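Please treat every number below as a calculation from the coordinates, not as lab data. The model shown is predicted, which means the values in this text are computed figures rather than measured ones. Cβ atoms come from the backbone with ideal geometry, glycine included; neighbour counts cover every protein chain shown.
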Amino acid sequence: DGGITQSPKYLFRKEGQNVTLSCEQNLNHDAMYWYRQDPGQGLRLIYYSQIVNDFQKGDIAEGYSVSREKKESFPLTVTSAQKNPTAFYLCASSIDRKTQYFGPGTRLLVL
Amino acid sequence: AQTVTQSQPEMSVQEAETVTLSCTYDTSESDYYLFWYKQPPSRQMILVIRQEAYKQQNATENRFSVNFQKAAKSFSLKISDSQLGDAAMYFCAYRRGPQGGSEKLVFGKGTKLTVNP
């Protein structure tokens with residue numbers, strides 16, 4: 001099946017620990033995005049990538065890092081510098097950079 | 001900066017009836033895209049419908065249609081023949097046009113739709 005997969009579904013982070021969220025797509029989309037959703041809020045853009053080996057910061061990039069070594073993959077690392085990482089993280093991709101299609105999400109909790 | 005406002009935190013509808021969800025936005029751009037996404041309890045964001053600002057004709061997808069009023073900066077979603085599976089959070093989103101640079105979607109805070117049997 002074609003689509004966007006995110007793993008894990010739930011992730012627990014200890015204080016001072018870096019954790020990486022996986023996002024993979026087999027839709028042959030060039031553009032990929034990471035959003036964060038907090039309770040009662042819409043989504044906010046963390047990072048996006050229009051093409052392999054290139055990415056740009058979104059509105060809330062501090063404390064996060066990304067890489068785009070392959071077209072299919074856009075992992076997000078939540079670093080220890082992110083002081084309030086508890087949230088729902090959604091990855092999206094786009095073929096035309098207009099309409100974005102989302103994966104199932106990862107919930108990150110801090111222990 | 002662009003903003004999207006959904007003034008109805010919660011709405012309810014009887015099964016088989018029609019409901020309209022409201023959305024207004026603020027922009028100085030003339031070329032942009034508007035979207036409605038559905039987020040069921042699974043929390044995956046599902047595209048419902050898309051509207052290009054340069055198109056005067058309102059978009060329609062089966063039971064879902066929009067009322068796009070560009071001058072009023074209004075973009076409401078009408079759900080006809082509501083079904084139990086329509087129960088979800090609905091988010092209105094804005095994206096600048098292709099010349100606009102920023103890739104991001106700007107989201108409203110959502111409207112929780114309950115469908116009563």
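Using a simple spin-label model with pseudo-atoms 7 Å out from Cα toward Cβ, B:Ile46 and B:Asp81 lie 1.7 nm apart.
Computed with the Debye formula from one identical point scatterer per Cα of chain A, without solvent, the log10 of I(q)/I(0) at q = 0.22 Å⁻¹ comes to -1.23. For region A:27-65, the set of chymotrypsin sites (Phe, Trp or Tyr not before Pro) satisfying both a DSSP loop assignment and a count of at most 13 other C-beta atoms within 10 Å is empty. Where a ≥ b ≥ c are the square roots of the eigenvalues of the C-alpha gyration tensor, would you call region B:30-69 rounded, which needs a/c under 1.5, or, failing that, prolate if a/b is larger than b/c, or oblate? Oblate. Shape analysis of the protein assembly as shown places it in the prolate category; the axes a ≥ b ≥ c from the Cα gyration tensor give an a/c of at least 1.5, with a/b above b/c.
Loop-located chymotrypsin sites (Phe, Trp or Tyr not before Pro) in region B:43-117 (DSSP state not H, G, I, E or B) with no more than 16 neighbouring Cβ atoms inside 10 Å: B:Tyr54. Cross-link partners of A:Lys70 among lysines, defined as those whose alpha carbon lies under 20 angstrom from its own and excluding same-chain residues fewer than eight positions apart: A:Lys57. Between B:Gln56 and A:Ala81, the distance separating the two model label sites (each 7 Å from Cα on the Cα→Cβ line) works out to 5.1 nm.
What is the calculated FRET efficiency for A:Phe12 to B:Arg63, with r their C-beta to C-beta distance and R₀ = 35 Å, to the nearest 0.05? The value I calculate is 0.30. Length available on full extension from B:Glu10 to B:Ala72: 0.36 nm per residue minus the Cα-Cα distance, which gives 20.0 nm. Comparing A:Pro39, A:Pro85, A:Pro75 in a Gaussian network model of chain A (Cα springs below 10 Å), the most mobile by mean-square fluctuation is A:Pro39.
Under the rule a/c < 1.5 gives rounded, and otherwise a/b versus b/c splits prolate from oblate, where does chain B land using the Cα gyration tensor? Prolate, since a/c reaches 1.5 and a/b exceeds b/c. Partner lysines whose Cα lies under 28 Å from the Cα of B:Lys78, excluding those fewer than 8 positions away in the same chain, are identified as A:Lys98, B:Lys38, B:Lys55, B:Lys70, B:Lys104, B:Lys109, B:Lys112.
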